[in-house]
Amino acid sequence: MKPTASIKLAKGREKKIKGFYPWVQKEEVRRPEGGKHVCLADLYSDDGDWLAIGTYNRVSRFPFRVLSLEREDIDETFFRERIRQAIDHRKGSIEDTNSQRIIFSEADRLPGLIVDQFGDHLVVQVRTAGMDMLRHLWLPALIEETGAESIMEKSEMAGRREEGLEPISQVLHGEPPAKIEVIESGFKMTALVETGLKTGFYLDQRNARRELARRVKPGDKVLDCFCYTGGFGIYAAKAGAEAVGVDIHPVALEEARATAERNDVKVDFVEANAFEYLAEGAGAKGPFDWIILDPPAIAKTQDKKNSLKWAIWKLVYAALPLLKPGGRLFVCSCSYQLSQQKLIEACRLAASDRKVRLMLEGITIQDLDHPVSTQFPESLYLKGVWLRRD
Ligand code: SAH
């Protein structure tokens with residue numbers, strides 16, 4: 001496909017593009033010429049130097065997204081190479097599983113495209129109108145490079161509306177199953193493709209689940225809040241802990257119960273609003289040696305970021321009285337908008353308000369199949385802090 005528009009940047013804005021930052025903001029565009037609402041475009045500096053080829057979407061907050069800093073054709077071969085590189089980079093980094101994220105959008109230089117591979121099947125999310133327009137190029141390349149049996153698209157995020165797209169779920173290839181088995185660390189888990197959240201399974205917490213399993217002791221009492229299909233609690237139970245999982249989503253809990261049974265462990269799963277459950281004393285099931293707090297991304301936009309910080313404060317404030325002295329908390333933020341620093345600050349404030357000392361024992365980020373580009377800070381979205389109540 002050939003570019004049909006030329007985008008000119010405001011003065012001085014080319015520096016970050018040359019430094020591998022892949023997004024151009026609306027305010028940075030000086031003068032678009034030609035092209036449709038959504039098309040391929042060439043990007044030029046204010047001095048007229050060619051900078052990049054990428055997708056252009058007139059209505060987006062980020063109208064231009066870089067596909068390449070070299071002059072190259074955006075065709076099936078282009079996508080085949082990018083997909084192959086993404087798969088190659090991951091070789092040897094993720095072990096003991098049949099499932100991984102094989103394409104992570106900008107971090108894999110494919111802005112707007114996310115692909116999770118669960119066994120022989122793929123689940124795809126398309127976040128931008130640019131990538132949506134190019135699907136006739138990347139879809140055949142994806143099928144060819146992965147040999148996937150089926151591909152389901154689950155582009156249900158509200159963020160698509162900002163791109164002028166409706167949320168959508170559809171079959172892209174083959175006959176996608178409603179559920180797919182995920183084998184991870186010897187556990188048989190499930191990606192709830194049809195009825196679950198996001199792509200159906202949270203691959204990004206794999207390293208944290210493993211870390212928890214390494215650290216819990218037999219007999220520890222573990223409370224897993226926002227447990228979804230039960231990952232943390234099931235790992236902990238296998239390590240000998242007595243685990244309770246809490247979530248508001250009945251379908252996820254039904255799967256969590258089935259998963260615990262299939263893996264021959266006992267976990268007490270409770271359907272509740274975790275905020276209320278904690279505030280009401282966790283059904284007198286505590287005190288706990290471990291409490292996991294993995295809330296959803298409440299703040300997706302900058303102006304709402306304080307709401308997630310406030311939510312973390314509330315959760316930690318409610319959790320601390322339920323934690324034994326010397327007990328541990330694992331608290332996560334899965335939103336870029338709430339940085340690691342702010343996350344620690346929210347925990348610190350809650351602990352000070354409770355008049356307890358809180359120690360930081362470790363920090364983890366999303367697992368390696370969700371790569372982070374230092375030059376695209378937005379790609380570091382999941383942070384988890386490991387804390388100990390003194
Ligand atoms: N820890 C999980 C992923 C959590 S995703 C894992 O590792 O797989 C966030 C979860 O929070 C979702 O399952 C969602 O159903 C749940 N959730 C959202 N709001 C909630 C609330 N107020 N109380 C309890 N669970 C909630």
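Counted residue by residue at 0.36 nm each, then reduced by the alpha carbon distance between them, the extension gain from ARG84 to ARG161 reaches 24.7 nm. One Cα centroid belongs to region 6-38, the other to region 63-110; the line between them spans 23 Å.
Suppose R0 equals 22 Å; then what is the FRET efficiency for ASP49 and MET1 from their Cβ-Cβ distance, rounded to the nearest 0.05? The calculated FRET efficiency here is 0.45.
Loop-located trypsin sites (Lys or Arg not before Pro) across region 311-385 with a Cβ neighbour count of 14 or fewer within 10 Å are LYS355, ARG357, with loop assigned by DSSP. Find, among the chymotrypsin sites (Phe, Trp or Tyr not before Pro) in region 1-103, those assigned to loop by DSSP (not H, G, I, E, B) with at most 15 other beta-carbon atoms within 10 angstrom. Of the chymotrypsin sites (Phe, Trp or Tyr not before Pro), the ones in loops of region 1-103 whose Cβ has at most 15 other Cβ atoms within 10 Å are PHE20. 3J(HN,Hα) along region 355-368: 6, 10, 7, 10, 9, 9, 9, x, 9, 10, 10, 2, 5, 4 Hz, from the Karplus curve 6.51 cos²θ - 1.76 cosθ + 1.60 with θ = phi - 60°, whole Hz, x for Gly and Pro.
Taking amide H atoms as placed 1.01 Å from N in the peptide plane, the amide H of ASN98 lies under 5 Å from those of ILE183, each 5 or more residues away in sequence or on another chain.
The gain in end-to-end length when the ASP264 to ALA178 segment is fully stretched comes to 28.6 nm, 0.36 nm per residue minus the alpha carbon separation. With R₀ fixed at 22 Å, the C-beta to C-beta distance from SER307 to ARG58 puts the FRET efficiency at about 0.15. Taking amide H as placed 1.01 Å from N in the peptide plane, ASP75 has no amide H partner under 5 Å among residues 5 or more places away or on another chain.
Which angle from 0 to 90°, rounded to the nearest 10, does the C-alpha axis of helix 250-262 make with the longest principal axis of the chain? The angle comes out at about 70 degrees.
Here the label points at ARG257 and GLU149, each 7 Å from Cα along the C-beta direction, are separated by 2.8 nm in the simple model. Rounded to the nearest 10 degrees, what's the angle between the helix 206-215 long axis and the longest principal axis of the chain, both from Cα atoms, 0 to 90? Orientation of helix 206-215: about 20 degrees from the principal axis. Phi-derived couplings, Karplus 6.51 cos²θ - 1.76 cosθ + 1.60 at θ = phi - 60°, listed residue by residue for region 310-327: 5, 4, 5, 4, 4, 5, 5, 4, 6, 6, 4, x, 8, 9, 5, x, x, x Hz, with x used for Gly and Pro. Which of the GluC sites (Glu not before Pro) found in region 68-172 are in a DSSP loop and have at most 16 neighbouring Cβ atoms, other than their own, within 10 Å? Hits after loop and neighbour filter: GLU70, GLU72, GLU95, GLU149, GLU156. The C-alpha atoms of the chain define a longest principal axis, and helix 135-146 lies at about 60 degrees to it. With all protein chains kept in place, the per residue accessible area of the chain amounts to 44 square angstrom at a probe of 1.4 angstrom.
Largest first, the residues HIS89, HIS249 sort by 1.4 Å accessible area into HIS89, HIS249. Backbone amide hydrogens, once placed in the peptide plane, bring LEU172 within less than 5 Å of ILE151, MET152, GLU153, excluding anything fewer than 5 places away on its chain.
Placing a pseudo-label 7 Å from each Cα along the Cα-to-Cβ vector at LYS188 and LEU349 gives an inter-label distance of 4.6 nm. The 3J(HN,Hα) values that the Karplus relation (6.51, -1.76, 1.60; θ = phi - 60°) gives for region 185-196 are, in residue order, 6, x, 8, 9, 10, 9, 8, 8, 5, 7, 10, x Hz. Gly and Pro appear as x.
Multiplying the residue separation of ARG215 and LYS15 by 0.36 nm and removing their Cα-Cα distance gives an extension gain of 67.5 nm. Here is the link list: LYS198/LYS324; LYS285/LYS324; LYS154/LYS309; LYS314/LYS355. Which ones come out longer than 22 Å on Cα distance? Correct reply: LYS198/LYS324; LYS154/LYS309.
The values are calculated or read from the model by the stated rules, or taken from the named source; none is laboratory data. These numbers were taken from a predicted model, which means no experiment stands behind them. Here Cβ is always computed from backbone atoms with ideal geometry, including for glycine, and neighbour counts include all displayed protein chains. Side chains are part of the model used for accessible areas, which takes the heavy atoms of the whole protein and leaves out ligands, DNA and RNA. Shrake-Rupley method; radii C 1.70, N 1.55, O 1.52, S 1.80 Å.
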